[in-house]
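Coordinate-derived values only; no laboratory data. These numbers come from a predicted model, not from an experiment. Using ideal geometry, Cβ is built from the backbone for each residue, glycine included, and neighbour counts are taken over all protein chains shown.
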Amino acid sequence: MRGNSEAHQLVAPGSLSAVLELLAAEPGVWTPIAGGTELMVAYSAGRLNAAKLVNLWGIRELRFIDAADGSISIGAGATFADMRRHAGLCEGWPLMARAASWIGSVANQTRATLGGNLVNGSPAADSSPALLVYDAEIELISVRGSRRIPYCEFHTGYKRNVLAPDELVYALHMPRRFAQHKQYLRKVGTRRAMAISKIALAGTALAQGGTVAEIRLAAASLAPFPARLYKTEQAILGLPVTPETIAAARNALLAEAAPIDDIRSTAGYRKRVAANLVEEFLIEAAQEEAQP
Ligand SMILES: Cc1cc2nc3c(=O)[nH]c(=O)nc-3n(C[C@H](O)[C@H](O)[C@H](O)COP(=O)(O)OP(=O)(O)OC[C@H]3O[C@@H](n4cnc5c(N)ncnc54)[C@H](O)[C@@H]3O)c2cc1C
């Protein structure tokens, strides 16, 4: 059943400081709404529990992408269309730009924001695996000030995170240190566009002298929230990419992954495909290093 508009109040203070004052005055009472591509779907289905909504759409201080020499900062209010069109992001953090181009439809991408994707916290969120393998930091803001934490510490459970009731996500920051790394991102869904992933895997790896000197792997839909695959990384680190290393990595992934059966896929399929993607990434990384 469709939601009843009289059950909801929407305010639009118009500036970041005014929104933060409102959240501080009544912590936990106001629910931010940015692009609304999650919340309006809930509203249309009669599932929107938030009685009081505060509008973030149009707040300029949240919608920016700043590329500097050593890093890039993306405001929580940047849309996925902003991201996939940003030349600096496409050049320096191509996995992030590619993930942005996969989200929903073009129409969706013009409203859907990075902050909304992360706070919604779907295990299948498309922006998360790339942020994780690029060692992103997330910046949270309130009237008390701002704090930066590694993005890998943001999600604490299924649709749960470390945001305090008076805080917003302000920005994501990624270092520019992966140019020499083999970079990999693959989303497996029912079709190429307009499909939530069954499984997605991102990776960055640095091969030196025939061994894997650095590796980061992260997945969507293998756990209650998008996460690094630390145990699988450990099975590869410091080793040459041989059939034995690939077999060990596959076994580590099968032991580490904890997906569920749901309407989009089964846990068994997700595990098997994720192991295949890790293998594909390792073979590509080894081939790249072998090239003169
Ligand atoms: C047709 C369709 C297709 C989709 N396809 C995909 C897909 O392929 N991949 C994918 O990952 N997602 C997909 N989505 C989900 C959705 O578009 C994304 O999650 C989007 O990024 C949500 O952003 P938003 O700004 O619209 O969030 P909103 O709906 O405005 O908010 C979502 C949540 O985030 C909170 N929030 C928003 N901004 C902030 C902030 N700055 N600080 C604190 N809290 C905040 C809100 O309170 C709410 O809890 C799809 C949705 C639709 C309707």
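Values of log10 I(q)/I(0) for the range 60-175 across q = 0.13, 0.14, 0.24 Å⁻¹ run -0.44, -0.51, -1.58, by the Debye formula with one identical scatterer at each alpha carbon and no solvent. Under 5 Å between amide hydrogens, built in the peptide plane, is the criterion, and for residue 207 it picks out 182, 213 among residues at least 5 positions away or on other chains.
A Förster distance of 30 Å, applied to the separation of the beta-carbon atoms of residue 68 and residue 41, puts the FRET efficiency at 0.25. Computing FRET efficiency as 1/(1 + (r/R0)^6) for residue 55 and residue 267, where r is the C-beta to C-beta distance and R0 is 45 Å, gives about 0.70. One decimal place: the segment residue 146-residue 195 gains 14.2 nm when fully extended, by the rule 0.36 nm per residue minus the C-alpha distance. Computed from the alpha carbon atoms alone, the convex hull of the chain holds 131 Å³ per residue. Taking every DSSP bridge with both residues inside the chain, close to 85 percent are antiparallel. Which FRET efficiency value, to the nearest 0.05, do you get for residue 29 and residue 158 by plugging their Cβ-Cβ distance into 1/(1 + (r/R0)^6) with R0 = 25 Å? Approximately 0.60, to the nearest 0.05. Computed on the Cα trace of the range 27-69, the radius of gyration divided by the Kirkwood hydrodynamic radius gives Rg/Rh = 1.13. Direction-averaged projected area, Cα convex hull, the range 5-55: 3.5 nm², rounded to one decimal.
Note on the chain: lysine pairs with Cα distance below 27 Å, sequence gap of 8 or more or different chains, count 14.
Per DSSP helix of 4 or more residues, -39500 (n - 2.57); summed, then divided by the residues of the chain. What does that give at 222 nm, rounded to the nearest 500? My calculation for the chain gives -9500 deg cm²/dmol from helical runs alone. Oblate is the label for the range 164-279. Its Cα gyration tensor axes, ordered a ≥ b ≥ c, give a/c of at least 1.5 and b/c at or above a/b. Compared with the dominant principal axis of the Cα atoms in the chain, helix 16-25 is inclined by about 70°.
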